[in-house]
Structures are given as structure tokens and as C-alpha cells.
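Laboratory data are not the source of any read-out in this text; all were calculated from the coordinates shown. No experiment lies behind these values; they were computed from the predicted model shown. In this analysis, Cβ positions are derived from the backbone assuming ideal geometry, glycine residues included, and neighbour counts consider all displayed protein chains.
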Amino acid sequence: MSDIDLERANGAGRIVVTGSASGTRISEVYQKFPIGLMFPRIESDLMKEAVIVNSSGGIAGGDRLEIEVVALNDASVAVTTQAAEKVYRALDRPARVGTKLRACGTAKLAWLPQETIVFNQARICRQTEIDLCSGAELIALEWLVLGRAARGEEVVSGHISDSWRIKKDGHLIWADGFRVSDEVFAQLHRKALLSNWKAVATLIYFGPSLDTRLEILRKIAASLDCRCAATIVGAIIVVRVAAAVSSDLRRGLRSLLEQFSRELGPGPFGVPKMWSC
């Protein structure tokens, strides 16, 4: 039997927000099962928070899920997920997850999903594509957890392909990829690879005053209980965070976002409410 012989999800979600002097408004919403979109009430009218819900309960081999977020003009929006996403064992085909983010004009966009937990023999190809205008500001986060430490789970085979492509004013400024497949999992414990880290995250910042904000992020990194480092690559700051277990990584990311958002001032860059639910 193949994954293609089984019923599989083919879902999509699209959000477009527009900003004005009166605040941020939602101008377009599209959702296709099993993807649902919710917009919880928050204190400020100046920004919106969107929550992505995968009502299928997880991701299986052969699934296809696509998310697109567009922030126009002076919009301010944070997007997160209802819960940790789980990628289950596949038979022979990878799940494909695509995220497209676009921040135009002077928009502020925060892509802050909760963790993606990869189970043994899972197969996933995830691609994050970001288009930015010079005056926009963005934080984008993706994090992977290899099995649940509390359950003693080990990921010894499967396939993970996790790639980023970021463009500024139509020109590619950063490309990155993490790829591990089948027999390579046995080598991940090497110090040149993941060592003993089972939970890893990449956070991207694009905005003004990169040198100053890099120094702020490095000071924050030194205060965290997990491993963290930051550097400038061209027009963006890249932050890597790693921990032995997902709970430590979550605490580290919460602390990082809380401290960094205070430095950034008003906007969507703090810890989403859904992370505490």
C-alpha cells in the first residue's frame, strides 16, 4: 500500500490585511479544509492576530498544505498556529507544506507558529518563501522537534527537507536548507551536526538598524538557558536556537521574543496569546 492509495489532506489558507490611520483590517480570507483561520480579539485595533487551525489533527504522508499571508500598506499582523503541528509516519510519500509571506510598503508581519513535531519515519518537505519591500519589518520563525522527549521517542529514519527563500524588492537575498533522510539520522548526534539537540529553531528578522538589533539579540542570546547565536547575512538577521528538549526551546523562544519585542516597540512581534493556551 502507498500513501497515494489513502485519503489525504489538500488544504490551503490565505490572509490579506491592509493598514490605515484607523488601524489594520482584514481585506481577504480564504480557507480550504482542513485549514481553518481564526481571528481572536486582542486589545489593540492597530494590529491583528490570526490563528491557523489544522482540523485533520496532524500531517501524514502525501498531505499538501499551503498558507499565504499578505500584509499591505501600514498593516500590522501576527500569525501563529492553534497548537504544535505533528508529522506522523509516512508509508512512502512526503507531506508538502508551503508558506508564502509578503510584507509590502511599511507593513509589519510576524510569522510565529508553534513547534512542528516530527515522529519516527515521518516524511515532510517544508518550504518558506518570503517577499519583502524595503520599508517593511518582519520576524519569521520555524522550529522542529525530533520526537517527544517525555515519551522517550527517537527519530531514527524518515525524511525532512526544510528550506527558506527570502527576496527583497524582487531579488533573492537569502536561501537556506536543512535536509536529513533515512540513514543520515544515525549521524545527527555528531558535534558537527545537531550534537544532542533534539529541538531546533530558525528566526529571521528584517527591518531597520540591523547592527544595533544584532547586538541586542546577542545580549538576549547570552541570557537564555538554551544554545542561541545570531548573525547578519546581507539584509537580514539570522538567529539559531537549539535545546535538548522542546520545553527548553519554547522557554528560550518566549524569552527571546518578549525581550526583543520590547526593543522593537509597538507591533506584532511579541509572544502570541495562543502560545499560552
### Task
Filter the range 223-237 for residues that are closer than 18 Å to Ser261 by Cβ and outside any loop (DSSP other than H, G, I, E, B) and give the result.
Ser223, Cys228, Ala230, Ile236, Ile237
### Task
Would you point out the residue of the range 131-145, among those that are aliphatic (A, V, I, L, M) and more than 30 Å from Trp197 (Cα to Cα), that is surrounded by the fewest Cβ atoms within 10 Å (Cβ to Cβ)?
Ala136
### Task
Just need a number here: residues in the range 158-176 that are crowded, with 16+ Cβ neighbours inside 10 Å and assigned to a loop (DSSP other than H, G, I, E, B).
1
### Task
Among what's in the range 118-129 and is among the β-branched types (Val, Ile, Thr) and closer than 30 Å to Gly207 by Cβ, pick the residue that is surrounded by the most Cβ atoms within 10 Å (Cβ to Cβ).
Ile124
### Message
Could you list, ordered by first residue, the pairs with Cβ atoms under 6 Å in which the first is in the range 87-110 and closer than 14 Å to Arg8 by Cβ and the second is surrounded by 21 or more Cβ atoms within 10 Å (Cβ to Cβ) and among the charged types (D, E, K, R), at least 6 apart or interchain?
### Response
Ala90/Arg123; Pro94/Arg123; Ala95/Asp63; Val97/Arg126
### Message
Given the options Ala192, Ala229, Ala221, name the one that is touching a strand residue (DSSP E or B) at 6+ places or on another chain (Cβ under 7 Å), farther than 26 Å from Cys104 by Cβ, without any contact (Cβ under 8 Å) to a residue 40 or more places away in the chain and surrounded by fewer than 18 Cβ atoms within 10 Å (Cβ to Cβ).
### Response
Ala229
### Query
If only one of Arg254, Arg179, Arg240 is assigned to a strand (DSSP E or B), free of Cβ contacts under 8 Å to residues at least 24 places away in the same chain and under 20 Å from the mean Cα position of the chain (by Cα), which one is it?
Arg179
### Task
Only residues that are more than 22 Å from Cys125 (Cα to Cα) and within 17 Å of the chain's Cα centre (by Cα): list them for the range 52-82, please.
Val70, Ala71, Val77, Ala78
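Residue-wise test of (1) touching an Asp or Glu at 6+ places or on another chain (Cβ under 9 Å); (2) under 20 Å from Gly265 (Cα atoms).
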| site | (1), (2) |
| --- | --- |
| Val200 | no, no |
| Gly207 | yes, yes |
| Glu215 | no, yes |
| Cys226 | yes, no |
| Ile237 | no, yes |
| Ala242 | no, no |
### Query
Do you know which of the residues in the range 182-205 that are among the small types (Gly, Ala, Ser) and not in a strand (DSSP E or B) is farthest from Asp225 (Cα to Cα)?
Ala186
